[in-house]
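Engineer: Take a look at the following structure, please.
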Amino acid sequence: MESIQAAMTARSAIRSWAEGLELIELVRATHRAGWLEHLRGETTVAELAAAHSASAEQVSDVLAVLASAGVVRPGEQTGSFRLSPDFDALVAGASGVDMTAVLDAVELARDQVARAVRPSDQEPGIDGAQALVLARDWGVRPTPGARQLIGMLYEALPEFRARLESGGPLLDVGSGVGGALLTGLTLFDKLHAVGVESVPEVAAECRRRAETVGVTDRVDIRTMDARALRDESAFSVCFWAQPFFSQDVRADTLAAIFRALRPNGLLLVQELFPPQTAQDKPTARTRLDRLFFTQRHVPFGLSAEELAAEGRAAGFQDAQVTDSPLGRLVLMRKPDC
Ligand SMILES: C[S@@+](CC[C@H](N)C(=O)[O-])C[C@H]1O[C@@H](n2cnc3c(N)ncnc32)[C@H](O)[C@@H]1O
């Protein structure tokens, strides 16, 4: 009797987790089938059913689930629905963050988590297509919304911002699809930059996006490992997307950045996750994030203070930690002589 009760408790735990999984699949299916696009405008059940060859009952049931999850809300007309403003922004993708990128990244995380149970001689690694999924999820497109967001970050760093404004040059290490890099180039029209990205598929997407926003004459996107950078005293500022660099390449990457910066050059890094205090009980979300990172040998959740110490070990000085709307930032300086 006791064991059946225990098993039932475990079963309900699994069922409650399954809710999120099923909602994602419903969102994915309705997105693929074009229902979500249709729901960007107010639509009745009958209109949606007719447009997608579905029965009114089926549409009504699906919309009821999506409404309870906050994806859609009732429209002004009785029996009509439309996307909630948040989901409308995501489906529109005009903000620079889009539904396909988010759903692909969720799928990748699922795949990676499943590989946590593997013999220790099998590396989970990610291939070029998966790296692109990750980079698309992290990298916003250089839209007005993204400019506002990244602009707020630079507001918190007046010296760094002034250097970008007067032309840089900027070294962007771990450019991904160019979220920070291309947004910066569209914010500051005198800025010149070099982006460094090791995955060819990701670098190619960054170049395509650079063309779309018309900044190719001011940026050189290099497909290479950052450790192989040979530039010396060439850049006035550097942004390093440190949360994605594995432990074994970090010291050499910092050494290459140090060389590439001019004396008095500035290095900016971002703390990705706010540090946990001793009182914080890690949630399953935090544990899963940790698993995702550590599987790829990327140190998880380095604090601003740990990032400053890493920079100091590479020769940087005067580390300053600044709060910003995008979390804590660490600004460090290459000594003047
Ligand atoms: C996901 S992106 C970060 C976001 C990006 N800075 C943006 O603003 O959109 C981090 C990138 O660093 C790249 N990367 C990781 N290790 C690298 C290395 N050793 N050299 C160059 N790029 C590297 C990864 O391939 C990944 O695309």
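The values are calculated or read from the model by the stated rules, or taken from the named source; none is laboratory data. Here the structure is a predicted model, which means the values were calculated and not measured. Cβ atoms come from the backbone with ideal geometry, glycine included; neighbour counts cover every protein chain shown.
Engineer: Picking from 112, 122, 148, which residue would you name as being more than 16 Å from the ligand (Cβ to nearest atom) and over 16 Å from the mean Cα position of the chain (by Cα)?
Structural biologist: Details: 112 fails: more than 16 Å from the ligand (Cβ to nearest atom); 148 fails: more than 16 Å from the ligand (Cβ to nearest atom).
Going through 112, 122, 148 in turn, the sole match is 122.
Engineer: From 129, 114, which residue is modelled with pLDDT of 90 or more and outside the structural domain of residue 237 (by TED's automatic domain parsing)? Give the derivation first.
Structural biologist: Working: 114 fails: modelled with pLDDT of 90 or more.
One residue alone meets the criteria, 129.
Engineer: Name the residue, out of 225, 189, 172, 220, that is within 11 Å of the ligand (Cβ to nearest atom), out of contact with any helix residue (DSSP H, G or I) (no Cβ under 6 Å at 6 or more places or on another chain) and not hydrophobic (A, V, I, L, M, F, W, C). Give the derivation first.
Structural biologist: Details: 189 fails: within 11 Å of the ligand (Cβ to nearest atom); 172 fails: out of contact with any helix residue (DSSP H, G or I) (no Cβ under 6 Å at 6 or more places or on another chain); 220 fails: within 11 Å of the ligand (Cβ to nearest atom).
When all the criteria are applied, what remains is 225.
Engineer: Taking into account only those residues within segment 202-217 that are β-branched (Val, Ile, Thr) and within 14 Å of the ligand (Cβ to nearest atom), which is modelled with the lowest pLDDT?
Structural biologist: Start the filter on segment 202-217 by keeping residues that are β-branched (Val, Ile, Thr), which leaves 202, 212-213, 215-216.
Those left that are additionally within 14 Å of the ligand (Cβ to nearest atom): 202, 213.
Values: 202: 97, 213: 94.
The extreme case among them is 213.
Engineer: Would you check which residues across segment 151-167 are within 16 Å of the ligand (Cβ to nearest atom) and out of contact with any strand residue (DSSP E or B) (no Cβ under 8 Å at 6 or more places or on another chain) and list them? Give the steps one after another, and end with the answer.
Structural biologist: Of all residues in segment 151-167, those within 16 Å of the ligand (Cβ to nearest atom) come to 151-154, 157, 160, 164.
Selection gives 151, 154.
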